[in-house]
Amino acid sequence: MRRPGYRQSPDSDWGFPPFSGVDLLKERRSSVRSLIDHTVWHRVDRWRLERLIRSGTREPLQVSLGCGSVVEPGWIGIDLRRIDGAFRSDLRAPLPFPDGSVSALLAEHIVEHLAWDDIPPLLAECHRVLRPGGVLRIVSPDALLIAALLREECDQRS
């Protein structure tokens, strides 16, 4: 006979879920490894990109933000994930380019994946890295939203 109070429901024992066969420590180790890998490789790619820019081999500098699996010839691809031919960088952090160094920026179907609060800082970073007369092309399902954000950024700078 079971003593009352030890088993609250058939799914738990003393407030703990039953053993599911999942090694939680292994999952946590994997998560920590993934986080370290992510952080280290973002820094390595940032260093590689800065070295490429200093070498001056890419003129004019054209950057595709959130390039996905395709990087067009002559363009530098930036993506959060590990992709062949692209540099890893988080668009929520400052862009790894000097002021006024980029002649063209393409943000194709990436802005809608960012949080609302992350869009104005990204637009400010795009403005910072663009050369005078540089082009920023934003492709998004909600172009009116992007236009309103750009107008607000311009009003604040004036």
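Every number in this text was worked out from the coordinates using simple rules, so none of it is lab data. Since this is a predicted model, take the numbers as computed values, not measurements. Every residue, glycine among them, receives a Cβ derived from its backbone with ideal geometry; neighbour counts consider all protein chains shown.
Assorted remarks:
- Those residues of the range 73-93 whose amide nitrogen sits under 15 Å from the label point placed on TRP47, 7 Å along Cα→Cβ: 88
- Note on ALA147 and GLU112: the extension gain reaches 11.3 nm, defined as 0.36 nm multiplied by sequence separation minus the Cα-Cα distance.
- Using Cβ point charges alone (K and R +1, D and E -1), the dipole size of the range 44-103 about the Cα centre works out to roughly 200 debye.
- Compared with the alpha-carbon gap, the fully stretched path from ARG131 to ARG33 is longer by 31.4 nm at 0.36 nm per residue.
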